[in-house]
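Student: Shown below is the structure under consideration.
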Amino acid sequence: MARPRIVITGIGGICALGNDVDAIWSSMKAGKSGIGQLENVDTSALQVRVGAEIKAMPDHGLDRRRLITMDRFSLLAVLAAKQAFAQAGLVIDEGNTHRVGAAVGVGVFGAETADENYDAVLVQKKPRTNIFTVPRIMPGAPAGQVSMELGLRGPVFGVTSACSSSNHAFASALDQLLLGRADVMLAGGTDAPLSFGVLKSWEALRVLSPDVCRPFSADRQGLVIGEGAGMVVLETEDHAKARGATILAELAGVGLSADASDIVAPTVDGPAAAMAACLRDAGLSPEDVDYLNAHGTGTSANDQIETQAIKRVFGDAAGALSISSTKSMHGHALGASGALEMIACVMAIRDGIVPPTIGYREADPVCDLDVTPNVAKERPVRAALSNAFAFGGTNAVIALKAV
């Protein structure tokens with residue numbers, strides 16, 4: 001018996017490229033960079049002073065009593081979730097509230113709250129922290145805040161696996177639907193890591209670029225941290241059709257694996273295993289896939305290893321595959337990256353446009369696939385894969401199909 005098809009009926013997002021999906025996608029198609037000098041964090045004691053920053057929050061109408069319980073990463077998740085819900089045309093009432101849930105991926109925690117409270121206690125010598133510190137900082141907070149804002153009483157939980165968090169959230173939400181535990185699931189990811197503490201910690205790893213992110217280019221110097229959130233509404237095809245929803249794409253399959261090797265150094269085997277498992281789960285052959293949104297961090301090791309893994313899985317079909325890393329534009333938003341890249345994949349399928357890898361200047365013989373350098377490409381996209389590989393060796397790949 002064939003399993004139910006899981007489809008996407010709404011999508012929302014916010015990041016340095018724009019405050020909604022239309023703005024984000026327009027920037028991606030145009031090859032616009034959201035990376036620049038940081039303005040909302042004191043960089044005087046930082047070596048790296050660039051990031052993909054949301055310069056100003058849009059008007060959102062949230063009550064102040066709700067806002068004081070939220071860290072920035074929760075607010076971003078709520079804004080993206082409301083957009084996705086609005087597009088999906090969902091109305092929550094007593095008849096369906098227990099059948100709608102949310103899975104929200106987070107790479108770190110409420111970093112804004114952490115910095116504020118360290119300053120309060122250690123610098124200002126205050127005797128106590130903010131009363132809402134724990135509910136603001138916890139990684140599960142965005143999922144809870146989304147559920148409260150939208151009235152969701154179905155399966156609601158946070159997912160955290162570093163930079164694979166969004167894709168693991170998509171996989172977990174898909175499972176809830178296939179198991180019959182919900183009729184509709186919001187899924188995605190959020191992170192707001194542009195804080196002093198988080199940036200100082202990333203500096204110690206010596207993987208940050210001093211200026212821009214140039215994935216797959218021979219002169220790449222590292223990644224650039226970004227912030228943002230992306231959310232999609234997932235439901236069974238039958239449920240979507242019964243309520244007359246517009247279907248944007250199908251979430252056709254997932255592939256999950258672990259390197260079981262090193263806490264930070266990636267392998268070829270783990271990513272390759274996840275991509276191969278994703279193709280099998282989605283019922284796709286390598287030749288069926290037209291676009292692959294790469295993990296593409298812009299570090300020397302990641303881009304080379306990802307290229308090798310793609311070649312291993314796709315074989316002769318790798319040469320015909322259009323690949324790009326949109327992190328070159330929206331930065332590495334950690335737990336939100338996969339959700340922002342989901343936007344790129346859905347819209348690539350919808351519009352038949354592959355967004356570019358910008359900042360590409362010099363061919364690298366060890367990254368010799370078509371990475372769509374600098375300029376978007378028009379081509380029909382029947383199916384797309386999105387890669388997410390994380391510290392800890394946790395890999396998550398999702399497959400989307402046109403409908």
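Student: Give the residues of the stretch 358-396 that are of a type outside the set (S, T, N, Q), outside any loop (DSSP other than H, G, I, E, B) and touching a Ser or Thr at 6+ places or on another chain (Cβ under 7 Å), sorted by residue number.
Tutor: Pass one, the stretch 358-396, residues of a type outside the set (S, T, N, Q): 358-371, 373, 375-385, 388-393, 396.
Still in the list and also outside any loop (DSSP other than H, G, I, E, B): 373, 377-378, 383-385, 388-390, 396.
Once the filter is applied, which keeps residues that are of a type outside the set (S, T, N, Q), outside any loop (DSSP other than H, G, I, E, B) and touching a Ser or Thr at 6+ places or on another chain (Cβ under 7 Å), the stretch 358-396 yields Pro373, Lys377, Ala388, Phe389, Ala390, Ala396.
Student: Among the residues of the stretch 184-193, count how many are assigned to a strand (DSSP E or B) and either among the aliphatic types (A, V, I, L, M) or open to solvent by 10 Å² or more (accessible area, probe 1.4 Å) (or both). Reasoning before the result, please.
Tutor: Initially, the stretch 184-193 is screened for residues assigned to a strand (DSSP E or B), giving 184-191.
Still in the running and either among the aliphatic types (A, V, I, L, M) or open to solvent by 10 Å² or more (accessible area, probe 1.4 Å) (or both): 184-187.
Result for the stretch 184-193: 4.
Student: Then there's this: Pick out the one residue from Ile54, Ile68 that is open to solvent by less than 10 Å² (accessible area, probe 1.4 Å), in contact (Cβ under 8 Å) with a residue 40 or more places away in the chain, of a type in the set (A, V, I, L, M, F, W, C) and closer than 24 Å to Phe196 by Cβ.
Tutor: Values: Ile68 fails: open to solvent by less than 10 Å² (accessible area, probe 1.4 Å).
Within the list Ile54, Ile68, the selection yields Ile54.
Every residue, every condition in (1) more than 16 Å from Leu194 (Cα to Cα); (2) among the small types (Gly, Ala, Ser); (3) open to solvent by 90 Å² or more (accessible area, probe 1.4 Å), yes or no:
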{"site": "Val104", "(1), (2), (3)": "yes, no, no"}
{"site": "Ala114", "(1), (2), (3)": "no, yes, no"}
{"site": "Val121", "(1), (2), (3)": "yes, no, no"}
{"site": "Lys125", "(1), (2), (3)": "yes, no, yes"}
{"site": "Ile131", "(1), (2), (3)": "yes, no, yes"}
{"site": "Ile137", "(1), (2), (3)": "no, no, no"}
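Student: So Cys278 passes all but one of these: (1) in contact with a helix residue (DSSP H, G or I) (Cβ under 6 Å, 6 or more places away or on another chain); (2) open to solvent by less than 10 Å² (accessible area, probe 1.4 Å); (3) hydrophobic (A, V, I, L, M, F, W, C). Which condition number does it fail?
Tutor: (1)
Student: Residues in the stretch 336-347: is at least one farther than 24 Å from Asp269 by Cα and either in contact with a Lys or Arg (Cβ under 7 Å, 6 or more places away or on another chain) or not hydrophobic (A, V, I, L, M, F, W, C) (or both)?
Tutor: No: zero hits.
Student: Filter the stretch 2-30 for residues that are open to solvent by 20 Å² or more (accessible area, probe 1.4 Å) and assigned to a loop (DSSP other than H, G, I, E, B) and give the result. Even if it seems obvious, please write down each step before you answer.
Tutor: In the first step, residues of the stretch 2-30 are kept if they are open to solvent by 20 Å² or more (accessible area, probe 1.4 Å); the result is 2-5, 16, 19-20, 22-23, 26, 29-30.
Residues satisfying the conditions are Ala2, Arg3, Pro4, Arg5, Ala16, Asn19, Asp20.
Student: Look through Gly331, Gly335, Gly352, Gly296 and report the one residue that is touching a helix residue (DSSP H, G or I) at 6+ places or on another chain (Cβ under 7 Å), at positive phi and modelled with pLDDT of 95 or more.
Tutor: On the way: Gly331 fails: touching a helix residue (DSSP H, G or I) at 6+ places or on another chain (Cβ under 7 Å); Gly335 fails: at positive phi; Gly352 fails: touching a helix residue (DSSP H, G or I) at 6+ places or on another chain (Cβ under 7 Å).
Exactly one residue qualifies, and that residue is Gly296.
Student: Identify, from the list Phe73, Phe85, the residue that is among the aromatic types (Phe, Trp, Tyr) and either closer than 24 Å to Lys200 by Cβ or not in a helix (DSSP H, G or I) (or both). Steps first, please.
Tutor: Working: Phe85 fails: either closer than 24 Å to Lys200 by Cβ or not in a helix (DSSP H, G or I) (or both).
Just a single option satisfies the conditions, and that option is Phe73.
Student: Within the group Gly61, Gly95, which residue is on the phi > 0 side of the Ramachandran plot, open to solvent by 10 Å² or more (accessible area, probe 1.4 Å) and over 19 Å from the mean Cα position of the chain (by Cα)? Spell out the reasoning first.
Tutor: Working: Gly95 fails: on the phi > 0 side of the Ramachandran plot.
Just one listed residue meets the conditions, Gly61.
Student: In addition: So which residues in the stretch 91-104 are of a type outside the set (Val, Ile, Thr) and either in contact with a helix residue (DSSP H, G or I) (Cβ under 7 Å, 6 or more places away or on another chain) or modelled with pLDDT under 95 (or both)?
Tutor: First pass over the stretch 91-104, keeping only residues of a type outside the set (Val, Ile, Thr): 93-96, 98-99, 101-103.
Hits for the stretch 91-104 are Gly101, Ala102, Ala103.
Student: Any idea which of Ala309, Ala301, Ala348, Ala339 is within 23 Å of Val207 (Cα to Cα) and within 17 Å of the chain's Cα centre (by Cα)?
Tutor: Details: Ala309 fails: within 17 Å of the chain's Cα centre (by Cα); Ala301 fails: within 17 Å of the chain's Cα centre (by Cα); Ala348 fails: within 23 Å of Val207 (Cα to Cα).
Criteria check complete, one pass: Ala339.
Student: Looking at Phe196, is it open to solvent by less than 30 Å² (accessible area, probe 1.4 Å) and closer than 28 Å to Ser300 by Cα? Walk me through it before giving the result.
Tutor: Values: open to solvent by less than 30 Å² (accessible area, probe 1.4 Å): no; closer than 28 Å to Ser300 by Cα: yes.
Taking the combined requirement at face value, the residue does not satisfy it.
Student: Ala309 passes all but one of (1) touching a Gly at 6+ places or on another chain (Cβ under 9 Å); (2) in a strand (DSSP E or B); which number fails?
Tutor: (2)
Student: Looking only at the stretch 251-268, decide whether some residue is buried (at least 19 other Cβ atoms within 10 Å of the Cβ), at pLDDT below 95, touching a helix residue (DSSP H, G or I) at 6+ places or on another chain (Cβ under 9 Å) and on the phi < 0 side of the Ramachandran plot.
Tutor: yes
Student: Considering only the stretch 156-181, state which residues are surrounded by fewer than 24 Cβ atoms within 10 Å (Cβ to Cβ) and assigned to a loop (DSSP other than H, G, I, E, B).
Tutor: Thr160, Ala162, Leu179, Gly180, Arg181
Student: Shifting gears a bit: Kindly evaluate Asp71 against the criterion of being more than 21 Å from the chain's Cα centre (by Cα) and among the acidic types (Asp, Glu).
Tutor: Values: more than 21 Å from the chain's Cα centre (by Cα): no; among the acidic types (Asp, Glu): yes.
The answer is no for Asp71.
Student: Quick one: in the stretch 220-243, of everything that is over 24 Å from Ala16 (Cα atoms) and either in contact (Cβ under 8 Å) with a residue 40 or more places away in the chain or in contact with a Leu (Cβ under 9 Å, 6 or more places away or on another chain) (or both), which residue is most open to solvent (accessible area, probe 1.4 Å)? Break it down stepwise before answering.
Tutor: The first filter runs over the stretch 220-243 and keeps only residues over 24 Å from Ala16 (Cα atoms), leaving 234-243.
Next, only the ones that are either in contact (Cβ under 8 Å) with a residue 40 or more places away in the chain or in contact with a Leu (Cβ under 9 Å, 6 or more places away or on another chain) (or both) stay: 234-240, 243.
Working: Leu234: 0, Glu235: 0, Thr236: 29, Glu237: 32, Asp238: 119, His239: 59, Ala240: 0, Arg243: 78 Å².
Residue satisfying both the conditions and the ranking: Asp238.
The values are calculated or read from the model by the stated rules, or taken from the named source; none is laboratory data. Note that this is a predicted model, so its numbers are computed, not measured. Backbone-built Cβ (ideal geometry, glycine too); neighbour counts: all protein chains shown. In case anyone asks, the SASA skips ligands and DNA or RNA and just uses the protein heavy atoms, side chains included. Shrake-Rupley method; radii C 1.70, N 1.55, O 1.52, S 1.80 Å.
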